[in-house]
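Beneath this line is the structure, given in C-alpha cells, with notes to follow.
The values are calculated or read from the model by the stated rules, or taken from the named source; none is laboratory data. No experiment lies behind these values; they were computed from the predicted model shown. Here the Cβ positions follow ideal geometry from the backbone for every residue, glycine too, while neighbour counts run over all protein chains shown. In case anyone asks, the SASA skips ligands and DNA or RNA and just uses the protein heavy atoms, side chains included. Shrake-Rupley method; radii C 1.70, N 1.55, O 1.52, S 1.80 Å.
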Amino acid sequence: MNKGFIISLEGGEGAGKTTILEKLVAWLEYEKVDYLTTREPGGVRISEKIRELLLDKENTDMDPRTEALLFAAARRQHLVQKVLPALNENKVVIFDRYVDSSLVYQGYVRGISIDEVFKLNEFAIEGILPDVTLYFDLDPKIGLQRISDGDREVNRLDLEHFSFHEKVREGYLLLKDRFDRFKVIDASQSIEGVFSQVKAEIIKAGIVNE
Ligand code: TMP
C-alpha cells in the first residue's frame, strides 16, 4: 500500500500555479525524481470532454450540484486511468488542482457545503488524498489583474463577480485550518521568492534531499 506520493497545487485565478509548476518540473528533472504532472479537470480523454462542458461560457445555467458531480466524475476517471497506475509505479504525482478545488469552489463558494462536497468526492477518490497541498495565496485583485494582463484565455469561472474570487480565497483559508497537509505559499512575492518557498516544502516532505 501507500506507494507513490501526491502533491497538489491549489489557488485562485492568476495565483501563478502554472508558472511555478514549470519551474518545479525542471528542478525535479534535475534531481532525477520520477514524477508525473497532470491537471484537473482533465488529464485523460473522457475527463477532458467533461472539462469542456464545465468551462464552456454558454453553460451559465449549470446547477451547482451538477457542477460538483461533473468535477467529481472527471476526477474519478482521471484517477483510475492516469493517477493510480503512476502511484503504483512509485511516482510523485503533481496535480494542478485536485479535490480541494471542489471543496472550495463547489462546497464553499457555491454554497453546497464543504462537508457535502467532501462526501461526494469520497465516493470518487476512495481515500486517495494529497500528501502535500501547496496553496498559492494571493489577493484576488492582483490575481485577476495578472490574468487580464496576460494572454491566457478567459473561462466561465473567471467571469464570475469579484466577490466570487474573494470567497475562493476565504474557502482555501478555511481548509488550511482543517488539513495539516495544507501549506500556504505567499504568492504575492517574486517568482523566485515563491519558488524557493515551494522548494523548501518539497525538501521538508522528503521528495528531494537538501
Ligand atoms: P484552471 O485551468 O485555470 O485551473 O481552471 C479550472 C477552473 O475550474 C478554475 O476556475 C477552478 C475550477 N474548478 C472547480 O471549480 N472545481 C474543481 O474541482 C476543479 C478541479 C476546478
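Take the residues in region 139-177 that are part of a helix (DSSP H, G or I), in contact (Cβ under 8 Å) with a residue 40 or more places away in the chain and open to solvent by 70 Å² or more (accessible area, probe 1.4 Å); name whichever of them is farthest from the ligand (Cβ to nearest atom). This residue is 176. For region 25-49, the tally of residues that are within 16 Å of the ligand (Cβ to nearest atom), among the basic types (Lys, Arg) and part of a helix (DSSP H, G or I) stands at 1.
Assess whether residue 3 counts as being in contact (Cβ under 8 Å) with a residue 24 or more places away in the chain and either part of a loop (DSSP other than H, G, I, E, B) or under 23 Å from residue 141 (Cα atoms) (or both).
Working: in contact (Cβ under 8 Å) with a residue 24 or more places away in the chain: yes; either part of a loop (DSSP other than H, G, I, E, B) or under 23 Å from residue 141 (Cα atoms) (or both): yes.
Yes; evaluated as a whole, the condition is true for this residue.
Pick from region 50-67 the residues that are within 20 Å of the chain's Cα centre (by Cα) and under 18 Å from residue 116 (Cα atoms): which of them is least open to solvent (accessible area, probe 1.4 Å)? It would help to see each step written out before you state the result.
To start, the set of residues in region 50-67 that are within 20 Å of the chain's Cα centre (by Cα) comprises 50-56, 64-67.
Pick out the ones that are also under 18 Å from residue 116 (Cα atoms) and you get 64-67.
On the way: 64: 45, 65: 134, 66: 61, 67: 2 Å².
Here the residue is 67.
Of the residues making up region 86-96, those that are more than 16 Å from the ligand (Cβ to nearest atom) and either among the acidic types (Asp, Glu) or within 20 Å of the chain's Cα centre (by Cα) (or both) are 86, 87, 89, 91, 92. Residue check: residue 24 meets all listed conditions (1) crowded, with 21+ Cβ neighbours inside 10 Å; (2) in contact with a Phe, Trp or Tyr (Cβ under 9 Å, 6 or more places away or on another chain); (3) farther than 30 Å from residue 196 by Cα but one, namely (3). The set of residues from region 84-103 being in contact (Cβ under 8 Å) with a residue 24 or more places away in the chain, over 22 Å from residue 19 (Cα atoms) and of a type outside the set (S, T, N, Q) comprises 84, 86, 87, 89, 103. Can you tell me how many residues within region 88-138 are assigned to a helix (DSSP H, G or I), farther than 26 Å from residue 14 by Cβ and aliphatic (A, V, I, L, M)? Within region 88-138, residues that are assigned to a helix (DSSP H, G or I), farther than 26 Å from residue 14 by Cβ and aliphatic (A, V, I, L, M) number 3. Quick check: is even one residue across region 70-85 of a type in the set (Phe, Trp, Tyr), under 25 Å from residue 183 (Cα atoms) and within 16 Å of the ligand (Cβ to nearest atom)? Checked region 70-85: at least one residue is of a type in the set (Phe, Trp, Tyr), under 25 Å from residue 183 (Cα atoms) and within 16 Å of the ligand (Cβ to nearest atom).
Would you be able to say whether some residue in region 11-20 is part of a helix (DSSP H, G or I) and of a type in the set (D, E, K, R)? Give the derivation first.
Just the residues of region 11-20 that are part of a helix (DSSP H, G or I), to begin with: 17-20.
Among the residues that remain, those that are also of a type in the set (D, E, K, R) are: 17.
Within region 11-20, one or more residues are part of a helix (DSSP H, G or I) and of a type in the set (D, E, K, R).
Going residue by residue through region 12-20, is there one that turns out to be of a type in the set (A, V, I, L, M, F, W, C), modelled with pLDDT of 95 or more and open to solvent by 30 Å² or more (accessible area, probe 1.4 Å)? Within region 12-20, none of the residues are of a type in the set (A, V, I, L, M, F, W, C), modelled with pLDDT of 95 or more and open to solvent by 30 Å² or more (accessible area, probe 1.4 Å).
Among the candidates 13, 52, 22, the residue that is among the acidic types (Asp, Glu) and within 11 Å of the ligand (Cβ to nearest atom) is uniquely 13.
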